[in-house]
Amino acid sequence: MKSPKLRLFSGMKPTGRIHIGNYFGALKQFVDLQDTHDTFIFIANLHALTTLPTKDQLLEDTNNLILDYLGAGLDPEKVTLFKQSDVPAHASMTWVFNNLVTVPYLMRAHAYKDAEAKGKELNAGTFDYPVLMASDILLYDTDVVPVGKDQKQHVEYARDIAEKFNHQYGEQFKLPKELILEDTGIIPGTDGQKMSKSYGNTIPLFATDEEITKAVMSIVTDSRERNEVKNPDELVLYQIHKYFNDSVELRNWYAEGLGYGDAKKQLIKDIITFVTPMRERREHFANNPKLVQDILIQGAYKANDIAMKKVFDVYEAVGLTS
Ligand code: ADP
Ligand code: TRP
């Protein structure tokens, strides 16, 4: 029976070490909402395939992401955790949806337009990315999808596709809503641009003390003298720091002209304090691979149950089975 709680579905691609932007922009919301929502979090490894990783890289990134989820605080007793590739329904549903969207519609997707603007040669998987993502979301009668701002359009696409299907074949899909914490915003990287794995400007969430120190030391500082900048929000350093320490005291220190060197030292300390319990939790699971495997198997069973049923209903609705 479906729980009376709202169903939440989300996940991330295993495409490299997650960073504090991924944590505050997405993962933290998953953790915060797991008590109040019927939560499904998956590893989008079919989506990762669009970047053509090597076999070893994909396996390693997948293994790391599940540990990151668990380390960050997702509780397998509360959350259904699974790998996208363990649930064949995602690909089956995508094929049905592919016929409901037009090429010009997919060409309007931000991700497509960005790739095109950069003159990249695009594979068909990347072009179809939003349709696979719609399948992920819609298979589970999802109510809410917590994601970072840049993923909003993808959830809109899922809604459009659900409406189109329901209109054409009869009501099968719930219309999902994105859940974006407006005050979370975009976390800047060490160079002041959006923090992203592809820009090489990240502070990894599960880094060693040395790596954290190195990343923080490389954060750009203002060309003005520190005491000339009165508003802390103008400083990339503070824009990052406030996620780890949002005290009035820290803000005042910055406003009063806390020097860049001292501010960086404090930030290193604050990050380490923040991530230490997460690291310990991650270590625990990393040392128990059998436990992690069991979590994923159980998650796959549960996800397959729901997703296969939806595929059967849809196959029936469109005339693929009778
Ligand atoms: P990346 O840009 O590093 O490759 P992804 O595209 O894999 O990150 O994003 C995974 C999740 O993290 C998405 O929900 C995305 O919106 C969120 N996210 C990524 N970078 C940031 C950031 N700098 N600030 C806020 N959220 C972010
Ligand atoms: N596109 C998302 C990202 O880049 C990952 C993703 C794939 C996803 N399918 C999803 C997120 C379904 C939420 C729901 O972060």
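Tabulated data for the structure shown
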read-out	value
Dipole magnitude (debye, nearest 20) for the chain, charges at Cβ of Lys, Arg, Asp, Glu	280
Computed helical MRE - 222 nm, the chain, DSSP H runs ≥ 4 contributing -39500 (n - 2.57), nearest 500	-16000 deg cm²/dmol
Qualifying GluC sites (Glu not before Pro) in region 232-322, DSSP loop, other Cβ atoms within 10 Å at most 11	E256
Modelled FRET efficiency - R0 51 Å, K242 with T321, Cβ distances, 0.05 increments	0.40
Over 32 Å [Cα-Cα, the chain], rounded percent	33
Heavy-atom surface of the chain, accessible at 1.4 Å and reported per residue (Å²)	50
Whole-percent carbon and sulfur share, accessible surface of region 57-139, 1.4 Å	54
Cleavage-rule hits, GluC sites (Glu not before Pro), region 86-182, DSSP coil, Cβ neighbours within 10 Å at most 13	E121, E171, E182
Cα gyration tensor of region 197-282 - equivalent ellipsoid semi-axes, whole Å, descending	23, 15, 10
Region 197-282, accessible surface, carbon-and-sulfur percent (1.4 angstrom probe)	49
Total charge dipole magnitude, region 197-282, about the Cα centre, Cβ charges on Lys, Arg, Asp, Glu only, Debye to nearest 20	320
Net length gained if the chain between T208 and K113 were fully extended (0.36 nm per residue, minus Cα distance)	30.5 nm
Length added when fully stretched, Y105-S218, from 0.36 nm per residue minus Cα-Cα	36.6 nm
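The values are calculated or read from the model by the stated rules, or taken from the named source; none is laboratory data. Predicted model, so just to flag it, every value in this text is computed and none were measured. Note: ideal-geometry Cβ built from the backbone for every residue, glycine included; neighbour counts use all protein chains shown. Side chains included, ligands, DNA and RNA excluded: accessible areas come from the protein's heavy atoms. Shrake-Rupley method; radii C 1.70, N 1.55, O 1.52, S 1.80 Å.
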